[in-house]
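Readers should treat all values here as calculations from the given coordinates under stated rules, not as data from a laboratory. Because the structure is a prediction, the values reported are computed rather than measured. Cβ: placed from backbone, ideal geometry, glycine included. Neighbour counts: every protein chain shown.
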Amino acid sequence: MSVEKQHRRRGYAKKMIYELEKRAVQKNYRRIILETNHAWKDAIAFYHSNGYTEYAADKARIHMNKIIG
């Protein structure tokens with residue numbers, strides 16, 4: 001998931017993640033898993049602020065998840 005740079009900080013990512021989580025709950029999913037790059041500090045902060053926690057990492061990526069159901 002990504003928002004083009006010129007459209008960031010307008011709430012689009014929050015709306016997208018809310019909709020994705022809502023649809024996942026409707027499908028009876030219990031957890032969302034994602035990964036992002038260590039260098040994407042804003043993305044990591046965004047996911048943390050939306051309830052995602054880190055559960056693993058490797059040289060290139062951070063793996064995060066959130067219990068939703």
Can you find even one residue in segment 34-50 that is over 18 Å from Val3 (Cβ atoms) and under 12 Å from the mean Cα position of the chain (by Cα)?
no
Checking the structure you have, find out if any residue of segment 19-28 is in a loop (DSSP other than H, G, I, E, B), touching a residue at least 24 places away in the same chain (Cβ under 8 Å) and loosely packed, with under 13 Cβ neighbours inside 10 Å.
yes
What pairs come up if the first residue lies in segment 40-62 and is farther than 15 Å from Glu21 by Cβ, the second is part of a helix (DSSP H, G or I), and their beta carbons are under 7 Å apart, counting only those six or more places apart or on different chains?
Ile62/Ile44
The listed residue being under 14 Å from the mean Cα position of the chain (by Cα), assigned to a strand (DSSP E or B) and of a type outside the set (A, V, I, L, M), out of Lys66, Lys14
Lys66
Going through segment 31-58 in order, the residues found to be among the charged types (D, E, K, R) and loosely packed, with under 10 Cβ neighbours inside 10 Å are Asp58
